[in-house]
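Okay, structure first, notes after.
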Amino acid sequence: MFFIEKAITGNEAKNINTTEPVSALIDFYHAFNSRDLELMSNNWEQSDEASMSNPLGDIKRGWDAIKEVYSSLFHGYARVYVEFYNYTIHHSGEMFFAVGRERGYFQLGEQKINLAIRTSRTYRQTCGRWHQIHHHGSIENPELLAAYQKAVFSQKI
């Protein structure tokens, strides 16, 4: 198994070959870090099969529910930045999943929390391109998780 240490931030040069799994990951982090809901929508599968389990303890099922999370985050006062690193990509036919870590920060006003998240993303190829079908993220440090949840739940993002 080959671990990729170079972080994906979304600022990488666009890969001409969009059939490569890494292109879908670059597109996701570009959409997330630039707070672009349209690009995020293009990255996710637009179906009830899509699901997201995030560090706040929530499970969202279906693109409409997932979209609400991103919309709230992108249009809120908080700034969240993450990059994907120390990951592996497992590819089989019309599906792939990536398993790794995210680092970054959550900032609301003067409060800034450095994030460390275990992350997996699953994609399925439909209509000639990759679409995210599942995401799971978890914060393994209990103190960091508590601080992050407190910051998010106690203030309007």
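A short reminder: the numbers here are calculations on the coordinates, not readings from a lab. Everything numeric in this text was worked out from a predicted model, so none of it was measured. Quick reminder, even Gly has a Cβ in these numbers, built from the backbone with ideal geometry, and neighbours come from all protein chains shown.
Structure values in brief
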quantity: Cβ-Cβ FRET estimate between ASN141 and GLU5, R0 fixed at 22 Å, reported to 0.05; calculated: 0.55
quantity: Helix-only [θ]222 nm of the chain, DSSP H runs n ≥ 4, -39500 (n - 2.57) each, per residue, nearest 500; calculated: -9000 deg cm²/dmol
quantity: Check: the stretch 60-134 dipole with +1 on Lys, Arg Cβ and -1 on Asp, Glu Cβ, in debye; calculated: 100 debye
quantity: Net lengthening on full extension, GLU94/LYS150 (0.36 nm per residue, minus Cα-Cα); calculated: 16.2 nm
quantity: Furthest towards positive pole of dipole, TYR148, TRP130, PHE84, structure part the chain, Cβ charges; calculated: TYR148
quantity: Estimated FRET transfer efficiency (ARG129, LYS14; beta-carbon r; R0 22 Å; 0.05); calculated: 0.95
quantity: More than 26 angstrom apart: percent of Cα pairs within the chain; calculated: 22 percent
quantity: Relative contact order %, the chain, counting alpha carbon pairs below 8 Å whose residues are six or more apart; calculated: 22 percent
quantity: C-alpha long axis of helix 21-33 to longest principal axis of the chain, angle in °; calculated: 30 degrees
quantity: Theoretical FRET efficiency, 1/(1+(r/R0)^6), r = Cβ-Cβ of GLN111 and GLN46, R0 41 Å, to 0.05; calculated: 0.75
quantity: The stretch 1-83, dipole about Cα centre (Lys/Arg Cβ +1, Asp/Glu Cβ -1), debye to the nearest 20; calculated: 240 debye
quantity: Hydrodynamic radius of the stretch 1-69 per Kirkwood, over alpha carbon pairs, in Å; calculated: 13.3 Å
quantity: Dipole magnitude of the chain, debye to nearest 20 (Cβ charges: Lys/Arg +1, Asp/Glu -1, about Cα centre); calculated: 280 debye
quantity: Nearest 10 degrees, 0 to 90: helix 142-154 Cα axis against the chain principal axis; calculated: 80 degrees
quantity: Where labels lie 7 Å past Cα in the beta-carbon direction, separation of SER53 and TYR77 in nm; calculated: 3.3 nm
